[in-house]
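Reading through the structure tokens given below for one structure.
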Amino acid sequence: MLQIVILVGLVLLVAILMAIFRISRLLNVAKGTDKEVVDKGSNSFNAILFIVFGVVTFGLFFWYSIVYYDEYTPPVASEHGVLTDGLFWTTMWVTGIVFIITHILLFWFSYKYQYKKESSALFFPHNNKLEVIWTVVPAIVLTILVFTGLKTWNDITDKAPEEAEVVEIMGYQFAWKTRYPGNDKQLGNYDFRLIDAENQFGMDLTDKASFDDFTPREIHIPKGQPVLFKIRARDVLHSVYAPHFRLKMDAVPGMQTNFWFVPTKSTAEMREETGNPEFNYEIACTEICGKGHFSMRMLVVVDEPEDYKKWLAEQESWLSKNETYLAKVPANLKEEAKKASGLNNTVEQPVSEVETTGASM
Amino acid sequence: MATANIQTPDLAHDVHHDHDHEHHDNFITKYIFSTDHKMIAKQFLITGIFWALLGGILSVIFRLQLGFPDMQLEWLRPFLGKWITEQGKIDPEFYLALVTMHGTIMVFFVLTAGLSGTFSNFLIPLQIGARDMASGFMNMLSYWFFFLSSIIMLSSLFIETGPAAGGWVVYPPLSALPQAISGSQLGMTMWLVAMVFFIVSTLLGGVNYISTVINMRTQGMSFSKLPLTIWAFFLTAIIGLLSFPVLIAAALLLVFDRSFGTSFYLSEIYIGGEALPNMGGSPILYQHLFWFLGHPEVYIVLLPALGITSEIIATNSRKPIFGYRAMIGSMLGITILSFIVWAHHMFVTGMNPFLGSIFMLLTLIIAVPSAVKVFNYLTTLWKGNLVFTPAMLFSIGLVSFFISGGLTGIFLGNAAIDIQLHDTYFVVAHFHLVMGSASFFGLMAGVYHWFPKMFGRMMDAKLGYIHFWLTFVGVYMVFFPMHYIGIAGFPRRYYSFTNFDAFNSFTDLNAFVSIAAIFTLGAQFIFLFNFFYSMFKGRVAPANPWRSTTLEWTTPINPGHGNWPGAIPTVYRWPYDYSKPGAAEDFIPQHIPYSQTKESNLPHENELIKLENEGDVVIVNENKH
Ligand code: HEM
Ligand SMILES: [Cu+2]
Ligand SMILES: [Cu+2]
């Protein structure tokens, strides 16, 4: 039904256009305007339309930008995000003013200087003073923007502070996984050849640092403390994008990337601020990676520092949840592995069983 | 200036002169394997229009998905077959294929081949006063390589596994691994093969444009008298010649990685349940190579449009283009700078942040020549006597898009701001305005302006006005709202936004954009009708319908092979003598000597009259043979 309506509409539209076309052509011939250099009627009509267009679109632009301000500006929840938002709005003011002035000139000139038979254009081929002015002024304005931007960029991409909480994020088709260093504050080595259905990270269990690493389902980070995301990918490019933290960094197979930041609002605070009790920080993917690109969601919870500590304490190491992998730990490190991973209190039996198979590793 | 007049005499004069009157072509040599630059230009134009239509339709299909995620698209099954899922929706993988093909088609096939191919071919010989391109045969090859490339790219749309789907930038590993996405199987191979032929076509064309401009200008046509169109095409060809080979290299290495087990771009990959043997490659390497072309490509697309509008705005303002030399200077600046800003597409790819700082600096420098161009356009309009032909309207539209889209580039060029905006709809809005719509308007302006020269008939102006206003309004309705969606953080290349709380809004605005896109596409049919109708039934064109100064209007209304039946006119003055004080008419064509315009000459021009007489001697000689 809808299709038929659309079709009929289209046919009608075409018919109307054809009619306009024929009539205007006949009129032109009848009035002899087709012989004139410039068709005055259409010319001033077009000139007026520029003014109308300018007024209407500026109206819409201001109306939408002001009324929907809250909708299109997501709240910011990181220290550097406040700075980059600041830069964004500074640039918006500068470019916004240029945008408005140049468009007013464009539309106004179009109207004002429309063709008049009796008048003629000004022969004005160049003027060095003007040209120097509008080379130098944009150059200065841009320099200022560049230098403020450079400073912020350098600070953001500077080395993460020593005490930063390290969180590893790995992208794969089509989800994220996260790994924490555990008590030793050190992420264990990994090797993509060790990846299997359980060991999704390819954790290298010959490295002591792996024993206490844990892999929770969502990311928790402490409010007000520096956090370092160590980012990698397992198959194709992905990109970690946390809109509220103004954070984005590609996940590249074969190369680790980093982004550190300081979250400034806990999830609870954000729920209050947005008035949305369901609010959650999210990570999305912004590098095309295949069929499920649009669905790579990971939750981030920003805790108060003490809640974060509590949460950390509750986490069980990956090894303790995947005991069979103890077999991959070299014999001389087994004890240490059990201790570090919190496997102490488990039954001896299965472990020794695995040990024999493990020897062949 | 005075000494620059001495030119290499045009050898082509003599070669062609006696036989071009009775040049009898058969159908095949006239319309298909033609070596006449005008016919080749038309071939590029028609092919480009076909691609533009297809690219537009693809975008409307994926806009349906974005604007109306719940819509039943069962009715598309006859066209898309199994890419419509059981639920009557577009398959998410096919969505990516649509986006990829849309981008590839628009950037390369429409705005590179369709724009440069058409107007460089058509205008270079006509405006510099040459009988044809330096090599008509290479020129013909250029079109047919493009045609071959088109066939391959088009066929890839219909294969079982679907066309390439890794985005128009086809980043590996996604594009290198057939198991990563089905578009990376045969579709990707065809994409690469098609692009190689495409590049061959571009290079053949480019070599021709450059050598023609350098060697075949008519008597008196020094570089400082070249119309800005020619300057733009010339610089565009140079950019293309220097940057496209790098894309070939990038594509070749990708072919190796895909088919011969090398690891240029691949390292440490575990996919589909197995670890691949590749080690030591870098996906970042591909990105550097790609954007070394990719960024200049933006200017390959844009510069011809800017050249075209400079010409049209000057003509229809009845006023010299303001700052002719500054315009050339800024184009030169853009040309050079366009090669050293590529990594601004890679701020957050894990590239060394120090490099990011450098590229940010260089990027914002390139904004200066762009700003200069805008101010010069505005000053050209100031105190003009503006005639709103459809071409003029589209040119003014281009200036508007160039401003709107150019300004948002200042955000994206700032690495700190780009962290948030990268790969969001803000970027989509930005490049569609500054590169997509601006260049598209340049193309349209060019078609309306030179249609009389191409087909000897006029397009209907009223339909042109309607076409312009609907398109101008439509483009802003499509792309302006995308800024808001982008500032809100919506990522691009997303099939749907419902998975995220952060992006679960703006459904109304997205629906609005989609309706506007359909509306805008619909408006193009007015143009199509006007174009084809006028080709056969349009009012017969006068010799110089826009009362323009450049040489192409001195040819017969329907120029034959060789362009001028007699001698090629000699050029005495720059192309922008509009509304010169004292002159009888408000334009003085380039081939009118100063000795005939004593009433309007500036003091230094009177001195040039002496030199002209020497020039005349040469002309007289030439006419005698
Ligand atoms: C009817 C007019 C057009 C509409 C409605 C349209 C719409 C869109 C949209 C919505 C996207 C983003 C899709 C996504 O990220 O999921 C897109 C991508 C793109 N468009 Fe257009 N577009 C149009 C014309 C053009 C033109 C004239 C160009 C020429 C430069 C162009 C070049 C591109 C490119 C390069 C991409 C990126 C493709 C990619 O992500 O790989 N488009 N278009
Ligand atoms: Cu992705
Ligand atoms: Cu670029």
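Over all pairs of different C-alpha atoms in region B:274-371, the reciprocal of the mean inverse distance, the Kirkwood hydrodynamic radius, equals 15.7 Å.
What is chain B's relative contact order, in percent, from Cα pairs under 8 angstrom and six or more apart in sequence? Once normalised by length, the contact order is 15 percent.
Distance between the pseudo-spin-label points of B:F536 and B:S595 (7 Å out from Cα toward the beta carbon): 5.0 nm. The separation of region B:294-373 from region A:245-261, counted between C-alpha centres, amounts to 30 Å. By DSSP, the beta bridges lying fully in the protein assembly as shown are antiparallel in about 70 percent of cases. The contact residues of region A:290-325, meaning those that lose at least 30 Å² of 1.4 Å-probe accessible area when all protein chains sit together rather than their chain alone, are A:G290, A:K291, A:H293, A:F294, A:R297. What the protein assembly as shown shows is 38 Å² of accessible area per residue, with the surface traced by a 1.4 Å probe over protein heavy atoms. Helix B:390-412 axis versus longest C-alpha principal axis of chain B: approximately 50°, rounded to the nearest ten. When each of the peptides B:526-536, A:228-238 is scored by the mean number of other C-beta atoms lying within 10 Å of its residues, the order from highest to lowest reads A:228-238, B:526-536.
Hey, what angle do you get for helix B:228-259 against the long axis of chain B, alpha-carbon based, 0 to 90 degrees rounded to 10? Between the helix axis and the principal axis of chain B, the angle is about 30 degrees. Membrane-span-like helices in chain A, defined purely by DSSP H runs whose alpha carbon atoms cover 20 Å or more axially and whose average Kyte-Doolittle hydropathy reaches 1.6, are A:2-31. What shape does region A:165-343 take by its C-alpha gyration tensor, where a ≥ b ≥ c are the square roots of the eigenvalues and a/c under 1.5 counts as rounded, a/b above b/c as prolate, and the rest as oblate? Oblate shape, in that a/c is at least 1.5 and b/c is the bigger or equal ratio.
Across the options B:T112, B:S404, B:T507, the greatest Cα extent toward the positive end of the charge dipole of chain B (unit charges at beta carbon of Lys, Arg, Asp, Glu) belongs to B:S404. Can you pull the percent of region B:32-537's accessible area that's carbon plus sulfur, 1.4 Å probe, other chains left in place? Percent of accessible area from carbon and sulfur atoms in region B:32-537: 74. Principal axis extents of the C-alpha atoms in region A:84-149 (largest first, rounded to whole Å): 54, 25, 8. Give me Rg over Rh for the protein assembly as shown, both radii from the alpha carbons and Rh done the Kirkwood way, two decimal places. Rounded to two decimals, Rg/Rh equals 1.02.
Contact residues in region B:256-272 by the 20 Å² criterion (accessible area, 1.4 Å probe, full protein complex versus chain alone): B:S267, B:E268, B:I269, B:Y270, B:I271. Computed from point charges on the beta carbon alone (+1 for Lys and Arg, -1 for Asp and Glu), the dipole magnitude for region B:502-625 about its Cα centre is near 440 Debye.
Give me the net charge of B:G273's neighbourhood, meaning all other residues with Cβ under 14 Å from the Cβ of B:G273; Lys, Arg count +1, Asp, Glu -1. Once all neighbours under 14 Å are counted, the net charge is -2. In chain B, the longest principal axis of the Cα atoms and the axis of helix B:324-337 are about 30 degrees apart. Inter-chain Cβ neighbour count for B:348-357, averaged per residue, equals 6 (cutoff 10 Å, partner chain atoms only). Expressed as a whole percent, the accessible surface of region A:165-343 that belongs to carbon and sulfur atoms is 46, based on a 1.4 Å probe. Evaluated with a Cβ-only charge set (Lys, Arg +1; Asp, Glu -1), region A:165-343 carries a dipole of roughly 360 debye about its Cα centre, given to the nearest 20.
How large is log10 I(q)/I(0) at q = 0.14 Å⁻¹ when the Debye formula is applied to the Cα atoms of chain A, each weighted equally and without solvent? Scattering profile of chain A, log10 relative to I(0): -1.21. Taking all protein chains together and a 1.4 Å probe, the residues B:R217, A:R25 rank A:R25, B:R217 from largest to smallest accessible area.
Buried between A and B is an accessible area of approximately 10300 Å², summed over both sides with a 1.4 Å probe.
A cut-off under 12 angstrom between Cβ atoms defines the neighbours of A:R193, and their net charge, with Lys, Arg +1 and Asp, Glu -1, is -4. Which net charge results when you count Lys and Arg as +1 and Asp and Glu as -1 among the other residues whose beta-carbon is under 10 Å from that of A:I169? Once all neighbours under 10 Å are counted, the net charge is +3.
Hey, what did chain A get for relative contact order, percent, Cα under 8 Å, at least 6 apart? That works out to 15 percent.
Comparing the full protein assembly with the isolated chain (1.4 Å probe, heavy atoms, ligands and nucleic acids excluded), the residues of region A:66-87 losing at least 10 square angstrom of accessible area are A:E71, A:Y72, A:P74, A:T84, A:L87. Enumerate by residue number the GluC sites (Glu not before Pro) in region A:140-215 meeting two conditions: DSSP loop (anything except H, G, I, E, B), and at most 12 other Cβ atoms within 10 Å of the site's Cβ. In loop regions of region A:140-215 (DSSP not H, G, I, E or B), the sparsely surrounded GluC sites (Glu not before Pro) are A:E162, A:E163, A:E198. When you restrict to C-alpha pairs under 8 Å that are six or more residues apart and normalise by the size of region A:165-343, the relative contact order lands at 25 percent.
A crude spin-label estimate for the pair B:F256 and A:N183, with each label 7 Å from Cα along the Cβ direction, gives 5.0 nm.
The values are calculated or read from the model by the stated rules, or taken from the named source; none is laboratory data. Just so you know, these numbers come straight off a predicted model, no measurement behind them. Note that we place each Cβ from the backbone using ideal geometry, even for glycine, and neighbour counts take in every protein chain shown. Protein only, heavy atoms only, side chains kept; ligands, DNA and RNA dropped before computing areas. Shrake-Rupley method; radii C 1.70, N 1.55, O 1.52, S 1.80 Å.
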